């Protein structure tokens, strides 16, 4: 029986081809992001009232910011590199948020397909795309009535020339391992990606032309997965990660890459870039000491100590009664030395590394480093 706390942890787990001869301006006027907790900047908190406790956000924001991390996410670093403000969540109406430079539709726990778990997040990829259509329609209606409002909202040109980031799918695979075999999951992947294909087409029909599509990371290496599925050494791969979870991710990514190529062929005037997050994160985990990190399989904020410092009964910052004793999942003394923040999400330091590698262009198809202005690089 899966506990309520574990269910919450599971559902918030998270996280193309330009013609070679074409020139490309990477100074996007706006960014529209779709995803899960890997890029959620407060959507889940605003959408369903999910409560996020300290020490989440303590490193940069000094308070929980709606992000499942000690600080900034990959998308935050990408926005900074493009000289754009952090993305405000579509679902957050408090504080008169500005959407002039884009909008974030990502929400923690989101899946591509409706998840077969009652407590799963309602904001699936399809729902997020529908939210975007509503957002765009309403923005254009308001701009037609009052042009002065454009200081708060994106222009019609921004929708056309903006960047559309898609970073979702990790939760689909993670959740599936609680109810399906590896073979069943591999057979199910084409169904998942059919929804992605539909979403790309819908966004294209809405005028989107610039896409960065992130693949899914090596989730079999995350402490939360290792503590549940990685206790048997025979089930681990060469990185001492859960081989079945990583194999599913690799197959998903191969098919996603093929989908990006297919979509680029279909939409010749679009720029669809496939970003290999899996390789970036795998390299970080395999060579962590070279980048100044400690044990990559140990969560900074958690309970239980080595080897994973992860207990499914308690989330980062929470206090629970475990075995008759009141315990608190506390943060380590220096989160900048850790890759894993809470067992299922990355620290700010690790997110910064991943973003810096994305912006080299080496992990994209097609590579784009030669076309990227210097201010977009770390």
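The values are calculated or read from the model by the stated rules, or taken from the named source; none is laboratory data. From a predicted model like this one, the values you see are computed outputs, not experimental measurements. A quick note on method: Cβ atoms are made from the backbone with ideal geometry, for glycine too, and the neighbour counts reach across all protein chains shown.
Here are the numbers:
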{"item": "Of all residues making up region 141-162, the number that are under 30 Å from residue 109 (Cα atoms) and outside any loop (DSSP other than H, G, I, E, B)", "result": "4"}
{"item": "For residue 273: the one exception among (1) part of a strand (DSSP E or B); (2) more than 18 Å from the chain's Cα centre (by Cα)", "result": "(2)"}
{"item": "Matching residues, region 277-297, being touching a strand residue (DSSP E or B) at 6+ places or on another chain (Cβ under 8 Å) and surrounded by fewer than 20 Cβ atoms within 10 Å (Cβ to Cβ)", "result": "none"}
{"item": "Filter result (assigned to a loop (DSSP other than H, G, I, E, B) and under 25 Å from residue 74 (Cα atoms)) within region 163-183", "result": "168, 169"}
{"item": "Qualifying residue in region 235-252 (condition: within 21 Å of the chain's Cα centre (by Cα), over 23 Å from residue 37 (Cβ atoms) and surrounded by fewer than 17 Cβ atoms within 10 Å (Cβ to Cβ))", "result": "no"}
{"item": "Candidate set: region 72-116, residues that are assigned to a helix (DSSP H, G or I) and touching a strand residue (DSSP E or B) at 6+ places or on another chain (Cβ under 7 Å); chosen: the one farthest from residue 178 (Cα to Cα)", "result": "79"}
{"item": "Any hit, region 41-60, residues being under 22 Å from residue 278 (Cα atoms), part of a loop (DSSP other than H, G, I, E, B), modelled with pLDDT of 95 or more and in contact with a helix residue (DSSP H, G or I) (Cβ under 9 Å, 6 or more places away or on another chain)", "result": "yes"}
{"item": "One residue from 185, 165 being under 26 Å from residue 354 (Cβ atoms), in contact with a strand residue (DSSP E or B) (Cβ under 6 Å, 6 or more places away or on another chain) and either modelled with pLDDT under 95 or buried (at least 18 other Cβ atoms within 10 Å of the Cβ) (or both)", "result": "165"}
{"item": "From the options 69, 15, residue that is under 24 Å from residue 339 (Cα atoms), modelled with pLDDT under 95, in a loop (DSSP other than H, G, I, E, B) and in contact with a strand residue (DSSP E or B) (Cβ under 8 Å, 6 or more places away or on another chain)", "result": "15"}
{"item": "Answer from 154, 97, 85 - the residue that is surrounded by fewer than 21 Cβ atoms within 10 Å (Cβ to Cβ) and within 20 Å of residue 210 (Cα to Cα)", "result": "85"}
{"item": "One residue from 109, 102, 66 being buried (at least 19 other Cβ atoms within 10 Å of the Cβ), on the phi > 0 side of the Ramachandran plot and within 13 Å of the chain's Cα centre (by Cα)", "result": "109"}
{"item": "Qualifying position, being in a strand (DSSP E or B), surrounded by 15 or more Cβ atoms within 10 Å (Cβ to Cβ) and either modelled with pLDDT of 95 or more or touching a strand residue (DSSP E or B) at 6+ places or on another chain (Cβ under 9 Å) (or both), among 352, 320, 264, 313", "result": "320"}
{"item": "Qualifying position, being surrounded by fewer than 19 Cβ atoms within 10 Å (Cβ to Cβ), over 27 Å from residue 361 (Cβ atoms) and under 21 Å from the mean Cα position of the chain (by Cα), among 198, 174, 231", "result": "198"}
